[in-house]
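The values are calculated or read from the model by the stated rules, or taken from the named source; none is laboratory data. Quantities reported herein were computed from a predicted structural model and do not represent experimental measurements. We place every Cβ from the backbone using ideal geometry, glycine too, and count neighbours over all the protein chains shown. We work out accessible area using only protein heavy atoms, side chains counted, and drop any ligands, DNA or RNA first. Shrake-Rupley method; radii C 1.70, N 1.55, O 1.52, S 1.80 Å.
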Amino acid sequence: MRGQLRRLTALAVPVYAELLSGVIASVIGALWVAGLGGAAVAAVTLAGTVENLLLGLVLVVASGTSVRLSHALGAGDHAEAARTTRAAWRLCAAVSAALAVPGFLLRDRLAGAFLDGEAAEQAAGYLAVAFPAFALFVGQRVADELFKGAGDTRTPMRLALLSNALLLLLDPLLILGPGPLPALGVPGAALALVLSRAIALAVTLRVRRVRRLRQPVGRTEPQPGRQAEPPPVGRTEPQPQDPGGTGGAGAAAVRILRAGAPFGLDFTARMAVGTAQLGLVAGFGVAAVAGYGLGYRVLLVVTMAFYALRQAAAIEAARLTGAGEGAALHTLRRATGRLAALLGGVAAVLAVTLAVPLTALFTEDRAVAAQSVGFLRSAALYLLPYALVVAVGGVHQAAGAGRPLVVSVLLGLGAQLTASAALSGPLGVSGVWLGPAVGAAVQLALLAALTRSRSPCGAAAGLCQSGGHGPHPGRAADPAPARR
């Protein structure tokens, strides 16, 4: 148990730093844009929302890549690791083209569907720069997941810090144009993002090339608590075969999509419900919307820790599933549950005790502050079950039990919206705040019920009997029990 806790912590902390750096850069960038007026803020907000919606599709490829690569390395199948790497880059190119080309051609219609006048024009200008370079975003996500699949979460963290540091430097230069530089405004914000991503991806590809050249032939499986080097992709010596790992790059691409589909669906469903939740809040006025937005951004600091733990748990679960270590997988679930409970409990306490001072850092408007404080205190009721569902769900998804998790998430989110709408009548906006607590509790209860009676040997059917080379984690095989 202690070894798993150390391993999870070693993997999760760099992921959290990576995610946090992105939020900080986004917030600071928004401050520069805010000086351009409301139309500019609306334009950049719409562009960010569009990218978040597309992220659900990108996550299918990115998450599936890390899961399949970790599974192959756990099984000692370097031929499958090489196929996974090739397939990931091919999917990267396909997804980039499928999203960037129509996005660029339809940018004016897309902007006009949500905004009008000057705001729509500025949004279209932003998208005209961002969509042609969308491949940079997808490529960076795929490269990061190839590192993570090999047990290395520190390199993606360093690359994210580089990218976000460049963004912090370029934003004021290209948006405001100090000195002899032209003030590009909203298109400058898009150009700053593109340049920061281009430089970071160039460095990423260079690092991958150097490491492949330096990688000694031998054992590449990550050790607990250590960051592994990315796997060599050209080895051809005989390796243990994974029945789910046959075929060429095309078959490997299908396995990536199957493994990543639950992650992408989970993210997209939560985004959609979040949008609907915002619609319910909007019925209670501008102050409620502003308070909700403020409180939500404060919560991002703690909820990102849940998702960092989820990534770490998924990477480790896929490796153990590939290696056929059923007992270690059971221990991993318990270790993940303990860390998630600790994070969720601490987050709940902080949400209650620090709601007032944290809100005061961002606004002096009493009406907005009251709504933000009310939201944060209500959030304390759902942070613990939410942390458990998110983090432990990563283990189930990577080990092949994605279907029960998706079912529990979809039904739980439905319960959240239903509860928010029903409680908003007698309790007002406070009833809307309580909806996520109901939804998280339902998700956790359903996840436990749907996975409790499954085989303790692991998510893949026949894992123990087959010597550790069961079906690939993208298939909905018998999941392991949910005891933590």
Mean shadow of region 311-456, computed from the convex hull of its alpha carbons, in nm²?
9.4 nm²
What is the packing order of peptides 60-72, 101-113, 440-452, taking the mean over residues of other C-beta atoms within 10 Å and listing the highest first?
60-72, 440-452, 101-113
Carbon and sulfur %, accessible surface of the chain computed with the full protein complex present, 1.4 Å
66 percent
Per the Cauchy relation, a quarter of the hull surface: what is the mean projected area of the convex hull of the alpha carbons in region 253-354, in nm²?
8.4 nm²
Expressed as a whole percent, how much of the Cα-Cα distance distribution for region 33-93 exceeds 17 Å?
56 percent
One point scatterer per Cα, no solvent, Debye formula: log10 I(q)/I(0) for region 134-211 at q = 0.21, 0.23 Å⁻¹ comes out as -0.86, -0.97
Rounded accessible area per residue of the chain, 1.4 Å, Å²:
41 Å²
Can you give me the Cα centroid spacing of region 377-426 and region 27-96 in angstrom?
23 Å
In order over region 184-195: 3J(HN,Hα) from phi, Karplus 6.51/-1.76/1.60, θ = phi - 60°, whole Hz, x for each Gly or Pro, gives 8, x, 4, x, x, 4, 5, 5, 4, 5, 5, 5
Just going by the charge dipole of the chain, with Lys and Arg at +1 and Asp and Glu at -1 on Cβ, which of H330, L350, T268 is farthest out on the positive end?
H330
From the phi angles alone, apply the Karplus equation (6.51, -1.76, 1.60; θ = phi - 60°) to region 286-301 and give each ³J(HN,Hα) in whole Hz, x where the residue is Gly or Pro.
5, 4, 5, 5, 5, x, 5, x, 5, x, 4, 5, 5, 5, 4, 4
For region 1-113, what does the equivalent ellipsoid look like in terms of its semi-axes, each the square root of 5 times an eigenvalue of the Cα gyration tensor, given largest first in whole Å?
35, 23, 8
Computed log₁₀ I(q)/I(0) - Debye formula, equal Cα scatterers, no solvent, region 348-411, q 0.17, 0.23, 0.28 Å⁻¹:
-0.67, -0.85, -1.07
Quick check on packing: order 410-416, 393-399, 426-432, 380-386 by the mean number of other C-beta atoms within 10 Å, highest mean leading.
393-399, 380-386, 410-416, 426-432
According to the Cα gyration tensor, what semi-axes, each the square root of 5 times an eigenvalue, does the equivalent ellipsoid of region 162-201 have, listed from largest to smallest in whole Å?
18, 10, 7
The orientation-averaged projected area of the Cα convex hull of region 102-172, in nm², is 6.1 nm²
Please identify the chymotrypsin sites (Phe, Trp or Tyr not before Pro) of region 120-151 that satisfy two criteria: DSSP loop assignment and at most 13 other Cβ atoms within 10 Å. Which are they?
none
Explain nothing, just compute: Karplus ³J(HN,Hα) = 6.51 cos²θ - 1.76 cosθ + 1.60, θ = phi - 60°, for every residue of region 373-385 in order, whole Hz, x for Gly and Pro.
5, x, 5, 4, 5, 5, 4, 4, 6, 10, 5, 5, x
Two-decimal Rg to Rh for the chain - Kirkwood Rh, Cα set
0.97
The chain: calculated mean residue ellipticity at 222 nm from DSSP helix runs of at least 4, using -39500 (n - 2.57)
-27500 deg cm²/dmol
Taking the radius of gyration and the Kirkwood hydrodynamic radius from Cα positions alone, what is the Rg/Rh ratio for region 297-390, to two decimal places?
1.15
